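Novice: Please read through the structure below; I'll follow up with questions.
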Amino acid sequence: MNPLTINGLATLSAAGDRPEALAQRVADLAGAAHPGVPVGAIVTETLPHPQGQALLDFDVRARLGRRGTSFYDRATALAVVACGDALDDSGLTVDDTTRTRIGVVLGTTVGSLKSTSDYTRETLVQDKPYLVNPVLFPNTVMNCAAGQAAIRHGLKGVNATVTGGPLAFFNALRYAGNAIRRGYVDTMLVGAVEEFSAHRAWACALGPTGGVIPAGEGAAVFVIGGPADSGGPAVCAATTGYGPDGTAEQALTDCVARALRAAGAVPGDVTLLATSETVTAGPRPQRDAALRALDGHRPAELVVSRAAGDCGAALPALALAAALREPGTRSGLTLLTAHGTDGGVGAALVRR
């Protein structure tokens, strides 16, 4: 894989609306976990825990105005704002000469779980299913966020949404790289988004980790395009794999090894390991699998879930943004890892 330059980035997370804020919170916590904040003001349904990692003061109308935003669900609003911020950070001009060569690909778990659930509920509680409000339907389609981002910012290139839970961002990176290398576009906005809702809070609480890390939300978007000849940040490799029936850890080790080969790197080139684990203590299978592939080399670690909560598909993307804006002047490669509950695994190497 030829490295692809990262020309701009943006995040929205519980730490704030800048990647530097998230990176600083990670540094300030020094390995501890942020307890979250009361989220009752933005969620009316019953929650498993009163605390969460949400953007309490996020207001899409304040950012983008009322026009065209009235029916955005929360995931769409986060994605549209993050895409605009990433474009601003890159300095890329979107006009009639460039808009057809700029695309969008976003990763997600299932899109907006709240929108899908609310629409389904409407079919059960209304007098007749055909009385369901049709305005609610577009938000139930998982590519709503990517489509609305392209419409809002006038982007007419490739537009796609990929799922996969923790692996979604890795799939999005691979998709973007293929689109650029095949000449379909010159630039891709690549990212992932997850919203906070009671539905996700319960999913985290009833998941494998039991909600040790509170449910969170966030969006991270990167403007990627062009060969990495400037010496700046670049995506050097992105790999995925599958390890069924208890073989996921070995699959992740193999995935990291493939990423190193694809990037032409050796274990000592990796200076930071950013996992998407959502634990505070005990076994760390992602870390252990990655370290096996690094053959004894032990880089510094970053566990962004401790600062941003369990952000699902957005967690690896937020981790990359925090790594790129980490306080200090660390150089070398950042290794991102992910391990889904179904045995899916992913790894990516990004030059800082």
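Novice: Are any of the residues in segment 73-91 over 30 Å from R182 (Cβ atoms), touching a residue at least 24 places away in the same chain (Cβ under 8 Å) and either in a loop (DSSP other than H, G, I, E, B) or open to solvent by 70 Å² or more (accessible area, probe 1.4 Å) (or both)?
Specialist: From segment 73-91, those over 30 Å from R182 (Cβ atoms) are 73-74, 77; that's our starting set.
Checking which are touching a residue at least 24 places away in the same chain (Cβ under 8 Å) leaves us with 73-74.
Adding the requirement that they be either in a loop (DSSP other than H, G, I, E, B) or open to solvent by 70 Å² or more (accessible area, probe 1.4 Å) (or both) leaves 73.
Looking through segment 73-91, at least one residue is over 30 Å from R182 (Cβ atoms), touching a residue at least 24 places away in the same chain (Cβ under 8 Å) and either in a loop (DSSP other than H, G, I, E, B) or open to solvent by 70 Å² or more (accessible area, probe 1.4 Å) (or both).
Residue-by-condition table, conditions (1) open to solvent by 30 Å² or more (accessible area, probe 1.4 Å); (2) in a loop (DSSP other than H, G, I, E, B):
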site: N2; (1), (2): yes, yes
site: T11; (1), (2): no, no
site: A21; (1), (2): yes, no
site: V43; (1), (2): no, yes
site: L47; (1), (2): yes, yes
site: L56; (1), (2): yes, yes
site: R63; (1), (2): yes, no
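Novice: For segment 94-126, which positions are small (G, A, S) and not in a loop (DSSP other than H, G, I, E, B)?
Specialist: In the first step, residues of segment 94-126 are kept if they are small (G, A, S); the result is 103, 107, 111-112, 115, 117.
Hits for segment 94-126 are G103, G107, S115, S117.
Novice: Restricting attention to segment 214-237, does a residue exist that is touching a residue at least 24 places away in the same chain (Cβ under 8 Å), part of a loop (DSSP other than H, G, I, E, B) and closer than 22 Å to G40 by Cβ?
Specialist: yes
Novice: Can you report the number of residues in segment 266-292 which are over 17 Å from T341 (Cβ atoms) and open to solvent by less than 20 Å² (accessible area, probe 1.4 Å)?
Specialist: Qualifying residue count for the region: 5.
Novice: Could I ask something else about it? Criterion first (modelled with pLDDT under 95, charged (D, E, K, R) and surrounded by fewer than 22 Cβ atoms within 10 Å (Cβ to Cβ)) does D118 satisfy it? Break it down into steps so the answer makes sense when it comes.
Specialist: Working: modelled with pLDDT under 95: yes; charged (D, E, K, R): yes; surrounded by fewer than 22 Cβ atoms within 10 Å (Cβ to Cβ): yes.
Answer is yes for this residue.
Novice: Of these, G346, G328, G296, which one is part of a loop (DSSP other than H, G, I, E, B), among the small types (G, A, S) and in contact with a helix residue (DSSP H, G or I) (Cβ under 8 Å, 6 or more places away or on another chain)?
Specialist: Numbers: G346 fails: part of a loop (DSSP other than H, G, I, E, B); G328 fails: in contact with a helix residue (DSSP H, G or I) (Cβ under 8 Å, 6 or more places away or on another chain).
Result: G296 is the single residue among G346, G328, G296 that is part of a loop (DSSP other than H, G, I, E, B), among the small types (G, A, S) and in contact with a helix residue (DSSP H, G or I) (Cβ under 8 Å, 6 or more places away or on another chain).
Novice: Restricting attention to segment 127-162, which residues are crowded, with 16+ Cβ neighbours inside 10 Å and in a loop (DSSP other than H, G, I, E, B)?
Specialist: Step one: filter segment 127-162 for residues crowded, with 16+ Cβ neighbours inside 10 Å, giving 132, 138-140, 142-150, 152-153, 155-162.
Once the filter is applied, which keeps residues that are crowded, with 16+ Cβ neighbours inside 10 Å and in a loop (DSSP other than H, G, I, E, B), segment 127-162 yields V132, M142, N143, L155, K156, G157, V158.
Novice: Now a separate question. Would you confirm, using the coordinates I've provided, whether R181 is basic (K, R), surrounded by fewer than 21 Cβ atoms within 10 Å (Cβ to Cβ) and either under 20 Å from I6 (Cβ atoms) or in contact with a Lys or Arg (Cβ under 7 Å, 6 or more places away or on another chain) (or both)? Please lay out each step first, then the result.
Specialist: Numbers: basic (K, R): yes; surrounded by fewer than 21 Cβ atoms within 10 Å (Cβ to Cβ): yes; either under 20 Å from I6 (Cβ atoms) or in contact with a Lys or Arg (Cβ under 7 Å, 6 or more places away or on another chain) (or both): yes.
Answer is yes for this residue.
Novice: Just need a number here: residues in segment 304-325 that are open to solvent by less than 10 Å² (accessible area, probe 1.4 Å) and in a loop (DSSP other than H, G, I, E, B). Spell out the reasoning first.
Specialist: Just the residues of segment 304-325 that are open to solvent by less than 10 Å² (accessible area, probe 1.4 Å), to begin with: 304-305, 307-309, 311, 313-323.
Among the residues that remain, those that are also in a loop (DSSP other than H, G, I, E, B) are: 304, 309, 311.
Summing the residues that are open to solvent by less than 10 Å² (accessible area, probe 1.4 Å) and in a loop (DSSP other than H, G, I, E, B) in segment 304-325 gives 3.
Novice: Do we find that G107 is open to solvent by less than 50 Å² (accessible area, probe 1.4 Å), under 21 Å from the mean Cα position of the chain (by Cα) and modelled with pLDDT under 95 in this structure?
Specialist: Working: open to solvent by less than 50 Å² (accessible area, probe 1.4 Å): yes; under 21 Å from the mean Cα position of the chain (by Cα): yes; modelled with pLDDT under 95: no.
When the stated conditions are applied, G107 does not pass them.
The values are calculated or read from the model by the stated rules, or taken from the named source; none is laboratory data. These figures come from a predicted structure and were not determined experimentally. Virtual Cβ from ideal backbone geometry, glycine too; neighbours counted across all protein chains shown. Heads up: the accessible areas ignore ligands, DNA and RNA and are worked out on the full protein's heavy atoms, side chains in. Shrake-Rupley method; radii C 1.70, N 1.55, O 1.52, S 1.80 Å.
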